[in-house]
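Only one structure is covered here, and it is reproduced in the block below.
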Amino acid sequence: MSAMLQPQIILLKEGTDTSQGKPQVVSNINACTAVADVVRTTLGPRGMDKLIHDDKGTVTISNDGATIMKLLDIVHPAARILVDIAKSQDSEVGDGTTTVVLLAAEFLREAKPFIEDGVHSQNLIRSYRTACSLAIEKIKDLAVSIEGKSLEEKKNLLAKCASTTLSSKLIGGEKEFFAPMVVDAVISIGNEDRLNMIGIKKVPGGTMRDSFLVNGVAFKKTFSYAGFEQQPKKFLNPKILLLNVELELKSEKENAEIRLSDPAQYQSIVDAEWNIIYDKLDKCVSSGAKVVLSRLAIGDLATQYFADRDIFCAGRVAEEDLKRVAAATGGTVQTSVNNVIDEVLGTCEVFEERQVGNERFNIFSGCSSGQTATIVLRGGADQFIEEAERSLHDAIMIVRRALKNSTVVAGGGAIDMEISRYLRQHARTIAGKSQLFINSYAKALEVIPRQLCDNAGFDATDVLNKLRQKHALPSGEGGPYGVDIATGGIADSFANFVWEPAIVKINAINAATEAACLILSVDETIKNPKSESAQGDAAASAMGRGRGGAFRGRGRGMRR
């Protein structure tokens, strides 16, 4: 009786929402599976696209897991972890973003019945981590190296990797056209790590096949003044001067006061302004440059001056484009026109201004240092070109990864089935509960081939049974077999050139397992609704203080 009369201990502020224990873990798992169900249908070559319409009225059509996850405004704290792993997969590898979300959600879904039956989360986490390291070791064993091949062979292999990535995108129908283009672009930047050395320019109109690759730099014609049309539009082996200088007639600053004793002196001041600009222009011309680019404005006087001397100029060039021109041509951006020596001038084989659709492009090709490339994308709707750009970004990342970590594995769900079989076999050698947990991890890996079948409209149960039978062959010949999207059966993914870099799978399994373990280890969520209003109150009081300070001292006789 005395125990019942004891007062309740209030530990947290009133209005705090706490949920803990088993129901909390299950609730988090349900939230994560709900998020995964959104991107589930985008997996693979037959994946569907999502149209996302935000509050600003922007419409995005995408098939890329990371893009969709970013645009979904997810507020559930546990489900946000899936958004983070999709972003990390995108920045680290570039592809496999849908895969990583699906795997994490499937690991959680397989863990849910154990949690409901009272298994401690830490037991599951320990087994999942063991299974993860075993899976990664197995991928490394199965991976095939593309090192030591000739450049042509390597290009072919990399194009196969790019095709596999592009096949699941909106431009999958044109993968034969784009894959070699992506490979050439990545090889042209060499060991350069900065991805912005590959520029992608979008020009609406035409068909996808009108897109082209420039081994150098291309950018849209900038704003130009009178006299521009009189300039030559094509040069062979020109010297290129890159400036961060304004070549415009500058009058003296407003409100400047000049005292003159003689009206004739006024003319000398006006002449000085003109002499300054002419001096700058003469120095540009005497440098021997035939193409002058500046990040700041090049005025009408300068444009006409250069036109009279057969020099091409463009002002207000975007900083990113100017940096890429500098990298491509071997030039250096100058902040002054004084003492311009030959070493700071760049050069390229051909410079020309060309019409692309209804835009005019300045194109520098055959560049000496060749550490940059530009892909000019054509297509119908703006949303379509935007999605094509995202698809090419993924393919570029994949080819870069394959070049650096030169091992590939069979795609099409083949590697997932092989790891699944290996883990099931390994689980039989373990006594105790962890046998069940590793088995459930192995079963979760089958989500990739199953989803590939579902998205293509095939009977997933039938195809998975065939795959299990093939992968269980003692000779091991069934290892590279995956889903055949064309026929609805199974096929040797290696023979069909459905390849992906091993790093993609390793990263995806690692990130998915980490996310699943993190969500399983959370057993209590504390949400304090007051903190939001407290922040608002604090901001209001800070403003009040600021205003008080502003008004204080206005009246002289104010009392303190």
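The values are calculated or read from the model by the stated rules, or taken from the named source; none is laboratory data. Values in this document were obtained by computation on a predicted structure and should not be read as measured data. So basically every Cβ, Gly included, is an ideal-geometry build from the backbone, and we count neighbours across all protein chains shown. Please note that ligands, DNA and RNA were not included when accessible areas were found on the heavy atoms of the full protein model with its side chains. Shrake-Rupley method; radii C 1.70, N 1.55, O 1.52, S 1.80 Å.
Brief remarks follow.
- Annotation: aspartates and glutamates with alpha-carbon distance below 15 angstrom to K112 (same-chain offsets under eight excluded): D523.
- Nearest-ten-degree value, helix 264-286 long axis tilted from longest Cα axis of the chain: 50 degrees
- Cα→Cβ-extended label distance, 7 Å offset, between E116 and I52, nm: 3.1 nm
- Its alpha carbons give the range 49-93 an Rg and a Dmax of 11.1, 31 Å.
- Take the chain with all the other protein chains still there, run a 1.4 Å probe, and you get 49 Å² of accessible area per residue.
- In this structure, no residue pair taken from K175/K202; K201/K323; K87/K443 has a Cα-Cα separation over 27 Å.
- Neighbourhood net charge (14 Å Cβ-Cβ; Lys/Arg +1, Asp/Glu -1) for K470: -4
- What a 1.4 Å probe finds exposed on the range 270-424 is 46% carbon and sulfur by accessible area, rounded to a whole percent.
- Database remark: amide H of K201 closer than 5 angstrom to the amide H of I375, V376, L377 (H placed geometrically; neighbours at sequence offset of 5 or more, or on other chains; Pro and chain starts carry no H).
- Shown here is the pair-distance distribution of the range 278-329: with all Cα-Cα distances grouped in 10 Å bins from zero up to the longest one, the shares run 23, 54, 22 percent.
- Here is the P(r) of the range 349-477: all C-alpha pair distances, binned every 10 Å from 0, give 10, 22, 24, 17, 13, 10, 3, 0 in whole percents.
- Each residue of the range 485-493 was assigned a 3J(HN,Hα) from its phi angle through the Karplus expression (A = 6.51, B = -1.76, C = 1.60, θ = phi - 60°), giving 5, 5, 10, x, x, 10, 8, 6, 5 Hz with x at Gly and Pro.
- Sum of side-chain charges, V317 neighbourhood, beta-carbon under 12 Å (Lys, Arg +1; Asp, Glu -1): +3
- Where N is the number of residues in the range 148-236, Cα Rg divided by 2.2 N^0.38 Å: 1.40
- Each peptide in 302-310, 278-286, 50-58 was scored by the mean count of other Cβ atoms within 10 Å over its residues; highest first, the order is 302-310, 278-286, 50-58.
- Given R0 = 25 Å, the distance between the Cβ atoms of L71 and V522 translates into a calculated FRET efficiency of 0.50.
- Taking the empirical scaling 2.2 N^0.38 Å for compact globular proteins as reference, the range 73-186 has a Cα radius of gyration ratio of 1.42.
- Accessible-area order (highest first, 1.4 angstrom probe) of the listed residues Y422, Y128: Y422, Y128
- If you take all other residues with their beta carbon under 12 Å from the beta carbon of K239, and give Lys and Arg +1 and Asp and Glu -1, the sum is -1.
- All Cα pairs of the range 231-301, percent lying beyond 21 Å: 41 percent
- Dmax and Rg, reported as Rg then Dmax, of the chain (C-alpha, Å): 31.5, 110
- Highest-first packing order for the peptide set 30-43, 399-412 is 399-412, 30-43, based on the mean count of other beta carbon atoms within 10 Å.
- Between G411 and V498, W499, E500, the built amide H atoms are under 5 Å apart, and every one of these is 5 or more places off in sequence or on another chain.
- Nearest-ten-degree value, helix 121-142 long axis tilted from longest Cα axis of the chain: 70 degrees
- Here is the list for the range 409-470: trypsin sites (Lys or Arg not before Pro) lying in DSSP coil, each with at most 12 other C-beta atoms within 10 angstrom of its C-beta, are R428.
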